[in-house]
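Take a look at the structure set out below.
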Amino acid sequence: MRSTESRGAMQVNYGIVGIVLFVVAFAAYLYVSAAPAAAPSTSTATAGQTVTTTSGTLNIPANAVVVDMPSLGGYEYSQYTPGQITVKIGVNNTVVWTNHDQLVHNVIANNGLFNSGDIAPGGAYEYTFTMAGTYTYHCSYHPNMDGVVIVKGP
């Protein structure tokens, strides 16, 4: 039995309206799902440059290693680039994470050694390692984002 409602000269068939709405919603879902992911961006910050961040300016030390959070089109594509770096104490043991994504991220050491707090889009965080070791870190907002810093002795 079909549900209909008569409103003067117009008669509404809710079954047909429901099917049409479902088809339109499903077609929109397929269109959005099939859209290609945004092309990866490259970091514009390099060692020795000054970066304007949301909290002011940051002079990236000439010997720093820069890890980027590129704009990759949303949550499931968010990552640290590169995901693993090696630094040497006294040579290049300062690491700067720059957020070029449209999402807020953070950089938290799994062992609690460092915690950037929120890094807004356009922001950056700097940390200087002083002890050799392997340091894993992650973004608390995006479980697929993790990285490794390998620190070699002097």
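Any read-out appearing in this document is the output of simple, stated calculations on the displayed coordinates, not a laboratory observation. Just so we're clear, the structure is a prediction, and the values are computed from it rather than from any experiment.
Stretched out straight at 0.36 nm per residue, the stretch from ASN59 to THR136 would grow longer than its current Cα-Cα span by 25.2 nm. Using the alpha-carbon positions of segment 50-152, Rg (one decimal) and Dmax (whole number) come out as 12.7, 37 Å.
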